[in-house]
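All remarks here apply to the structure that follows.
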Amino acid sequence: MFSKKTIHFIIYHSHSYYPVNEEITQEIASTAHPNNIDKGFTGMLLATENSFIQYIEGEGLEELESLFEKIKNDTRHEISFFYKGVSDFRVFSKWSMGAWYMQPDELDGLEGFNSLKLCLNNNLHEETSAQTFLELMESILSIWSLKNKK
């Protein structure tokens, strides 16, 4: 009989103190990649010129919280929202750390982005923001998949 594994996840949004671009986004992902493989973390980082949105998941709660402490203490940005939760499956099982940089105008048209901004700006219930975030990531992943099939 198979036992279900509990997957812990953290979703956060942060404002960058420095301009962000594609190169910086890929550098962050490349740096995180070996540690994420070693610790069994998977996830997705979305960056724009002045903010980050990230979903990180893994089986070990203590390791995940330790990673998030490092992220929170990174002086390049300030966390404006985060949500911790549990799931019985991985959302990003194939990516130790997917990363995508998007121009702000690319984000504005995405389903879920304006809802997420509304949630974050009005401090709506964390679960509502987390669900809206996942809907946004679903939109982003479908666009990303189409772009990369060409």
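Values quoted throughout were computed directly from the atomic coordinates according to the rules given, and no laboratory measurement underlies them. None of these values were measured; they are calculated from a predicted model. Backbone-built Cβ (ideal geometry, glycine too); neighbour counts: all protein chains shown.
Would you mind putting 76-84, 10-18 in packing order, based on average other-beta-carbon counts within 10 Å, highest first? Don't skip to the end; give the middle numbers.
Values: 76-84: 15.7, 10-18: 17.4.
Packing proxy ranking, top to bottom: 10-18, 76-84.
Can you tell me the FRET efficiency between Leu61 and Ser30 if r is taken as the Cβ-Cβ distance and R0 is 25 Å, rounded to the nearest 0.05? Mind dumping the intermediate values first?
Numbers: r = 26 Å, r/R0 = 1.03.
E(calc), rounded to 0.05, equals 0.45.
What nm distance separates the two modelled labels at Lys70 and Tyr18, each placed 7 Å from Cα along Cα→Cβ?
Modelled inter-label distance: 1.8 nm.
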